[in-house]
Amino acid sequence: MTAMHSTKGKVDGRLMQQANRALVLNLVRAQPTLSRAAIARQTRLSPAAVSGIVDHLAREGWVKEIGAAVTGNVGRRPLRLAFVPEARLAVGIDLDLHEVSAALVDLGGTPREVHRLPVPDDADPRFVLDLAAELARRVMRDVPAGQLLGIGMAIPGMVRWPEGINLFSPNFHWRDVPVRAMMEERLGGVVFVDNEVRALALAEHQYGAARWARSCVFLDAGTGVGGAVILEGQLYRGMHGAAGELGHNTVAPGGPICACGNQGCLEVFASGIGLERRVGEALAAGSASLLADKQETWTPGGLAAAAHAGDGLAGELLEHAAEYLGLVVANAVANWDPELVVLSGPVIREGGIFDRVLAAGTRSVLEPARARVRVAPALIEANVKIIGAASLVITEHLAAPL
Ligand SMILES: [Zn+2]
């Protein structure tokens, strides 16, 4: 990271100031023991400019000085600077099929008390967003206006950014719902809205398994299968908001119909809904299985338990899910050449198939990529989408504007 220098008048001057301020702030955030002199060295800003920026950030509460760094020199002992995670808060809202949940999240990615409301089946978008807005109001009730950065929301389905239009949500049966506009109308301020797996990816990138990674691919197998791609430290959303929809990679041409209308998508074989459907079909076709007459066990955890007890059908379905997930990991590596792939979601975690996905992926990855790419499980389990939704706001504020 180096500083910006400009010669082109006032507007550029202001942008430059903002960029340099963001640069210093993110440096203090990334390296918790920096002195002003070290910041000047790393950014190539003048010591006077650094002092001006640091004083300003300290006045606004973003950073604080925390005592002397240990140096070899006798005499001058420069103060170290620390980022203050509690300086600002963002509201994160996670809209799920059956529940909406929300919490205040600080700049360190730590959520405070989580509030929840149930979402009834097949509810109208207006009603669902009324619930979400009600919850957001409850969560931010006692926050001083100056401390609140904004509101972020994670929703399932394809989302056009930055308009926050839910183009298509097969599980909610929504099409072209202007979620951002509807939430802003209800709450009277800016609301950032994006797809839930992209929010998850941001949370993992800011605070979890992919911290400070430059390029990474995320594959999440839960109710559906979603994905996200971070390139050069930024979410890559594509032209229509659908980049990284790894769940709709075709893995079996001519296979079963997917909710998206295509056939043989990864989601058909490796999502919670897909697995449940495959169990039902196999039993209807006469397969003998421990899962028969026990629909409550047609979950990733239930399948893993049955497979462990020797059930052939459960074992086979999990094996196929792992093979296809691995295939898509390998394809993603071939397409994006990331340094890291992060795997998350109940099908992988509760289904106990991380190692098998890794093995299948490694088998299919191009030879030269094999040694370079790391595949890791996600680190944040609780409230990851709430944290991710808040991260939509936090990254907008902390990222350099240029
Ligand atoms: Zn599909």
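The values are calculated or read from the model by the stated rules, or taken from the named source; none is laboratory data. Predicted model only: the values in this text are computed from it and were never measured. When we count neighbours, we look across all protein chains shown, and the Cβ atoms used for this are built from the backbone with ideal geometry, even at glycine.
All but one of (1) away from the ligand (no atom under 14 Å from the Cβ); (2) among the charged types (D, E, K, R); (3) in the same structural domain as ALA322 (by TED's automatic domain parsing) hold for ARG277, so report the exception by its number.
For ARG277, the exception is condition (1).
Can you name the condition, by its number, that ASN335 falls short on among (1) within 30 Å of ALA132 (Cβ to Cβ); (2) of a type outside the set (Gly, Ala, Ser); (3) over 17 Å from the mean Cα position of the chain (by Cα)?
Every condition holds for ASN335 apart from (1).
Please work out if ARG198 is at pLDDT 95 or above, assigned by TED's automatic domain parsing to the domain that holds ASN171 and away from the ligand (no atom under 14 Å from the Cβ).
yes
Of all residues in the range 244-256 being modelled with pLDDT of 95 or more and more than 11 Å from the ligand (Cβ to nearest atom), which is farthest from ILE348 (Cα to Cα)?
Step by step, filter the range 244-256, then rank; the result is GLY254.
Evaluate the following for LYS64: is it more than 23 Å from GLU232 (Cβ to Cβ) and modelled with pLDDT under 75? Don't jump to the end; show me each part of the working.
Working: more than 23 Å from GLU232 (Cβ to Cβ): yes; modelled with pLDDT under 75: no.
Considered against the rule, which asks whether it is more than 23 Å from GLU232 (Cβ to Cβ) and modelled with pLDDT under 75, LYS64 comes out as no.
Since GLY241 meets every condition but one in (1) under 30 Å from GLU316 (Cβ atoms); (2) more than 14 Å from the ligand (Cβ to nearest atom); (3) not assigned by TED's automatic domain parsing to the domain that holds VAL177, which condition does it not meet?
Only one criterion is unmet by GLY241, namely (1).
When you go through (1) more than 16 Å from the chain's Cα centre (by Cα); (2) in contact (Cβ under 8 Å) with a residue 40 or more places away in the chain one by one for ALA209, which number turns out not to apply?
ALA209 satisfies every listed condition except (1).
Look through ALA270, ALA259 and report the one residue that is within 11 Å of the ligand (Cβ to nearest atom), in contact (Cβ under 8 Å) with a residue 60 or more places away in the chain, crowded, with 19+ Cβ neighbours inside 10 Å and not β-branched (Val, Ile, Thr).
Step by step, each of ALA270, ALA259 is checked, and only ALA259 is within 11 Å of the ligand (Cβ to nearest atom), in contact (Cβ under 8 Å) with a residue 60 or more places away in the chain, crowded, with 19+ Cβ neighbours inside 10 Å and not β-branched (Val, Ile, Thr).
Of the residues that make up the range 363-374, is at least one outside any helix (DSSP H, G or I) and touching a strand residue (DSSP E or B) at 6+ places or on another chain (Cβ under 8 Å)?
The answer is yes, given that some residue of the range 363-374 is outside any helix (DSSP H, G or I) and touching a strand residue (DSSP E or B) at 6+ places or on another chain (Cβ under 8 Å).
Limited to the range 224-235, what total is found for residues that are surrounded by 15 or more Cβ atoms within 10 Å (Cβ to Cβ) and away from the ligand (no atom under 15 Å from the Cβ)?
Of the residues in the range 224-235, 5 are surrounded by 15 or more Cβ atoms within 10 Å (Cβ to Cβ) and away from the ligand (no atom under 15 Å from the Cβ).
Assuming VAL342 fulfils every condition listed in (1) touching a residue at least 60 places away in the same chain (Cβ under 8 Å); (2) crowded, with 17+ Cβ neighbours inside 10 Å; (3) within 16 Å of the ligand (Cβ to nearest atom) apart from one, which condition is it?
Status for VAL342: all satisfied but (3).
Six or more apart or on different chains, Cβ under 7 Å: which pairs go from a residue in the range 79-100 that's on the phi > 0 side of the Ramachandran plot and touching a residue at least 40 places away in the same chain (Cβ under 8 Å) to one that's of a type outside the set (Gly, Ala, Ser) and assigned to a helix (DSSP H, G or I)? Could you list them?
Listed pairs, sorted by first residue: none to list.
Check off (1) modelled with pLDDT under 95; (2) touching a helix residue (DSSP H, G or I) at 6+ places or on another chain (Cβ under 8 Å); (3) small (Gly, Ala, Ser) for ALA203 and give me the number that stays unchecked.
All conditions are met except number (1).
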